[in-house]
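Heads up, the thing below is written out as structure tokens.
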Amino acid sequence: MSSPTTPPSAEEIVATPAVDGDLNAEMRRAAKPFSRATLVLAGLVVLAVAFGGGAWTHAAFGSSSSSTPTRTAGGTQAGPQAGQQAGGFRGGRGTTGTVDRVDGTTVYVKTAQGTEVKVSTSDSTTVGVTQQAKLSDLKPGSTVVVQGQAGEDGTVTAQAITQEAAR
């Protein structure tokens with residue numbers, strides 16, 4: 001045997017056991033480098049990154065409100081309509097607001113949020129003007145857009161009905 005001041009010889013190192021206790025238990029512990037807490041924290045980090053990425057994607061590419069009308073019972077439509085005079089949504093399909101001014105072929109629209117949107121037009125741009133009317137002015141077979149709330153029985157309580165111009 002070697003003394004406490006001299007290093008052990010190679011034979012002594014090989015002769016001593018590598019692990020005090022159960023070698024199988026020590027091997028199982030070494031085979032699992034991550035504890036359950038580490039795996040749970042890693043999962044939470046992945047979820048947080050996915051949520052942040054989704055929020056960024058919505059902010060970069062999503063619209064603040066929908067411009068797609070929803071179908072209700074009877075084939076009517078409820079929801080915002082492109083070209084209406086109030087609202088202020090700005091999505092991939094249009095802008096809503098009030099006309100601020102017309103300068104040549106450019107229309108400037110002020111949204112409900114107060115921002116000004118420059119709208120360029122061309123010879124193929126169609127322009128329609130809606131006038132105040134009564135229910136008796138609605139013609140059978142004409143296309144209408146109904147804005148309102150659908151009840152449980154499917155009946156829509158109309159806030160506005162707009163008859164589109166004949167094409």
If you go through Gln149, Gln81, Gln85, the only one that is at pLDDT below 80, open to solvent by 100 Å² or more (accessible area, probe 1.4 Å) and under 30 Å from His58 (Cβ atoms) is Gln85
Next item on the list: Report whether or not Ser142 is of a type outside the set (A, V, I, L, M, F, W, C), in contact with a strand residue (DSSP E or B) (Cβ under 9 Å, 6 or more places away or on another chain) and loosely packed, with under 10 Cβ neighbours inside 10 Å.
Entry: no
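The values are calculated or read from the model by the stated rules, or taken from the named source; none is laboratory data. For clarity, every value in this text was computed on a predicted model and none was experimentally measured. Cβ: placed from backbone, ideal geometry, glycine included. Neighbour counts: every protein chain shown. Heads up: the accessible areas ignore ligands, DNA and RNA and are worked out on the full protein's heavy atoms, side chains in. Shrake-Rupley method; radii C 1.70, N 1.55, O 1.52, S 1.80 Å.
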